[in-house]
Amino acid sequence: MQIGFIGLGNMGAPMAANLAAAGHAVTGFDPVAPPPEGVAMAADAAAAVTGAEVVITMLPDGAILRAAAAALIPAMSPGAVLLDCSTVDVDSARAVAAKAEAAGLSALDAPVSGGITGAAAGTLTFMVGGPDPAFARVAPLLAVMGSKAVHCGGAGAGQSAKICNNMILGVTMIATCEAFALADKLGLDRQKMFDVVSTSSGYSWSMNAYCPAPGIGPQSPADNGYRPGFAAELMLKDLRLSQQAAEGADADTPMGALAARLYETFVETEDGRGRDFSAMLPRFERRGRG
Ligand code: NAD
């Protein structure tokens, strides 16, 4: 397939390289990033998408996506699919989809989980919102970049699924970390704590697959000095998006709101920036109730 790829940063570069390695013709644009392997670079975004059957965007946020989409959409071929894989607010995803559809294109919001490792390995999970025929057309590309794609519903459904999932993740990671710190203070061995919780009703992905305690459970960023992994500031971004969506939808999300505040403090006034989001455990370890 002829693919235009806009945004070749930490995530976009390996995704574009995997598509090129699978035999697709990929033309990319990014104002700063170097060309990924096998990807031809264009001078600007419009040149990158001209003649493309599918245009993929992997950009930092909703405002940048809206601005990029305004430049891309007029240059795209009729009937082409705009596949946005960025994590953005639900309103921006819906606004971009409406603009694309008004221009005779189809649009999908398809945020990912799996991080930089998953992007490089081609094992991302895609959560997709948008029309069925567009989903069917990009399915072979999603199969190259990822190992799972769930079609969640109409425009915005992918972003909705992503922020709900990550709101649960932020809350359970905090709960797991504060429970470990409490267990420490009660004199409970961390391995015993893991053995019990990971097979009892307190289990979760945070405990079982990504244990925040070094040397316990499976390999995780905790075993690598809390180098990300999934950086605390990216968790903060997703928690803020969840709260923005909750405000817009009048949903009561007290735990999500508290998780957003805790990650904000961790990233903005403590030492969380640049560390994995599971570094909440050493944060709680050092603290008392006061
Ligand atoms: P990044 O900052 O490494 O890459 C973003 C790229 O977009 C940069 O290279 C930047 O130069 C480029 N860019 C900015 N404006 C542009 C424009 N107008 N036209 C073309 N390119 C432009 O970020 P990333 O880590 O690759 O994340 C991308 C998206 O994926 C974000 O929405 C993020 O939330 C999401 N995400 C990231 C991870 C992760 O672990 N890094 C995991 C899941 C989802």
The lone condition Ala63 fails out of (1) in a helix (DSSP H, G or I); (2) surrounded by 15 or more Cβ atoms within 10 Å (Cβ to Cβ); (3) more than 9 Å from the ligand (Cβ to nearest atom); (4) within 19 Å of the chain's Cα centre (by Cα) is (2)
Could you figure out which of (1) farther than 26 Å from Leu186 by Cα; (2) of a type outside the set (S, T, N, Q); (3) at pLDDT 95 or above; (4) within 16 Å of the ligand (Cβ to nearest atom) isn't true of Gly272?
-> (1)
Within the stretch 263-290, residues being within 22 Å of Gly115 (Cα to Cα) and touching a residue at least 40 places away in the same chain (Cβ under 8 Å) number 11
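Checking the conditions here, which among Val81, Val90 is β-branched (Val, Ile, Thr) and closer than 18 Å to Ala52 by Cα? Before you say what the answer is, go through the steps one by one.
On the way: Val90 fails: closer than 18 Å to Ala52 by Cα.
Every option except Val81 fails the conditions.
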For Met173, all conditions in the list (1) farther than 25 Å from Gly9 by Cα; (2) more than 16 Å from the ligand (Cβ to nearest atom); (3) in contact (Cβ under 8 Å) with a residue 60 or more places away in the chain hold save one; what is the number of the exception?
-> (2)
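Which of the residues belonging to the stretch 28-43 are in a loop (DSSP other than H, G, I, E, B) and surrounded by 14 or more Cβ atoms within 10 Å (Cβ to Cβ)?
As a first pass, look at the stretch 28-43 and keep what is in a loop (DSSP other than H, G, I, E, B): 30-39, 42-43.
Correct list: Asp30, Ala33, Pro35, Pro36, Gly38, Val39, Ala42.
Looking at Val150, is it part of a strand (DSSP E or B), of a type outside the set (Lys, Arg) and crowded, with 21+ Cβ neighbours inside 10 Å? Steps first, please.
Values: part of a strand (DSSP E or B): yes; of a type outside the set (Lys, Arg): yes; crowded, with 21+ Cβ neighbours inside 10 Å: no.
No.
Here is a yes/no grid of residues against (1) touching a residue at least 40 places away in the same chain (Cβ under 8 Å); (2) in a loop (DSSP other than H, G, I, E, B); (3) under 16 Å from Leu281 (Cα atoms):
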| site | (1), (2), (3) |
| --- | --- |
| Ala134 | yes, no, no |
| Leu141 | yes, no, no |
| Ala155 | yes, yes, no |
| Ala183 | no, no, yes |
| Val196 | no, no, no |
| Ser200 | no, yes, no |
| Pro214 | no, yes, yes |
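Please work out if Ala260 is in contact (Cβ under 8 Å) with a residue 40 or more places away in the chain, of a type in the set (Gly, Ala, Ser) and within 16 Å of the ligand (Cβ to nearest atom). Write out each step before concluding.
Values: in contact (Cβ under 8 Å) with a residue 40 or more places away in the chain: yes; of a type in the set (Gly, Ala, Ser): yes; within 16 Å of the ligand (Cβ to nearest atom): yes.
For Ala260, the condition - in contact (Cβ under 8 Å) with a residue 40 or more places away in the chain, of a type in the set (Gly, Ala, Ser) and within 16 Å of the ligand (Cβ to nearest atom) - is met.
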When the residues of the stretch 95-136 are filtered to those that are at positive phi, at pLDDT 95 or above and crowded, with 17+ Cβ neighbours inside 10 Å, which remaining residue is nearest to the ligand (Cβ to nearest atom)?
-> Gly122
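Any residue that is of a type in the set (Gly, Ala, Ser) and farther than 23 Å from Ala93 by Cα - is there at least one of those in the stretch 232-252? Write out each step before concluding.
Looking only at the stretch 232-252, we keep the residues that are of a type in the set (Gly, Ala, Ser), and these are 232, 242, 245-246, 248-249, 251.
Right, trim to farther than 23 Å from Ala93 by Cα and you get 232.
Yes, the stretch 232-252 has at least one match.
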Leading residue by the ranking (surrounded by the most Cβ atoms within 10 Å (Cβ to Cβ)) among those in the stretch 216-246 that are more than 12 Å from the ligand (Cβ to nearest atom) and not in a helix (DSSP H, G or I) = Tyr226
What number of residues in the stretch 67-93 are within 21 Å of the chain's Cα centre (by Cα), surrounded by 17 or more Cβ atoms within 10 Å (Cβ to Cβ) and within 16 Å of the ligand (Cβ to nearest atom)?
-> 13
Single condition Ile3 does not satisfy, out of (1) near the ligand (Cβ under 9 Å from one of its atoms); (2) assigned to a strand (DSSP E or B); (3) not acidic (Asp, Glu) | (1)
Is there any pair with a first residue in the stretch 1-28 that is without any contact (Cβ under 8 Å) to a residue 40 or more places away in the chain and more than 11 Å from Gly122 (Cα to Cα) and a second that is in a loop (DSSP other than H, G, I, E, B) and of a type in the set (Ser, Thr, Tyr) whose Cβ atoms are under 9 Å apart and which are 6 or more apart or on different chains, and what are they?
-> Thr27/Thr50
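The values are calculated or read from the model by the stated rules, or taken from the named source; none is laboratory data. The structure presented is a predicted model; accordingly, all values stated were derived computationally and were not measured. When we count neighbours, we look across all protein chains shown, and the Cβ atoms used for this are built from the backbone with ideal geometry, even at glycine.
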